[in-house]
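J.: If you scroll down you'll find the structure; I have some questions about it.
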Amino acid sequence: MRGSDLAEAMASVVDRIVSAREGTGALDRAIEAVVGTIGRFSGRDATSYLASYRAEMVMRDILEERRLAGFPRVAMPGIHTEVLEVRAESRTWEEFEGRLLEKYGLDDALQLSKRDFMEWVETPEKGRNMSALLWEFEERFTRLSALDRTILDTSRVLLFIKAVDGRDQEQVGLLLETDDGLTAD
């Protein structure tokens, strides 16, 4: 049996034991609330995600071992197995948080604040050609927290136009116009 298969099997056994002892209704509702509020754990913005997850679990009086058992359920499919392995190596919630931050916390250091992003957008004369500016805009946008990306996504095109140097703004605006105004893309 491979290490990841063993970790998954052990995690499944722990889940069943904990669920049988305490019932799953409260944990299910707490997990639904977490996923509905902040989405699934993708490995990015780990510190903030863990703080939100912990707060929801504490607010609903979910015991530490259940909190630990439930976390893999919020992980995105691409990292689910890795999260199960981290959980299998951890005996306590604090140990799990520490190991998860060791694994995914590096992304936190690369994160960009909404304020810093908006300051960059507002900075005139970036002196880049359109392709380089678009690349930098997208790179900076992806470094925002998941929450900030969600908030700003509806105005992403307008933010890019604002980031374009003054002389090119009109040209970009014309390229994006249709008979009904801005395109939906």
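J.: Return 143, 99 ranked ascending by Cβ neighbour count within 10 Å, so the fewest neighbours appear first.
T.: The most exposed by this proxy come first: 99, 143.
J.: A further question on this structure: Looking at the stretch 33-137, which GluC sites (Glu not before Pro) are in a loop (DSSP not H, G, I, E or B) and have at most 16 other Cβ atoms within 10 Å?
T.: Passing sites in the stretch 33-137 are 89, 125.
J.: Follow-up. Stretched out fully, how many nm does the piece from residue 132 to residue 115 gain, at 0.36 nm a residue minus the Cα gap?
T.: Taking residue 132 through residue 115 to full extension adds about 3.9 nm, to one decimal.
J.: Compute the distance in nm between two label points, each set 7 Å from the Cα along the Cα-to-Cβ direction, one at residue 61 and one at residue 101.
T.: If labels sit at residue 61 and residue 101, their model points lie 2.8 nm apart.
J.: Once both labels are modelled 7 Å past Cα along the beta-carbon direction, what's the residue 154-residue 28 spacing in nm?
T.: It is 3.2 nm.
Each reported figure results from applying straightforward, stated rules to the coordinates on display, with no laboratory input. Only a predicted model underlies this, so the values are computations on that prediction, with no experimental measurement involved. Here the Cβ is made from the backbone with ideal geometry for all residues, glycine too, and neighbour counts use every protein chain on show.
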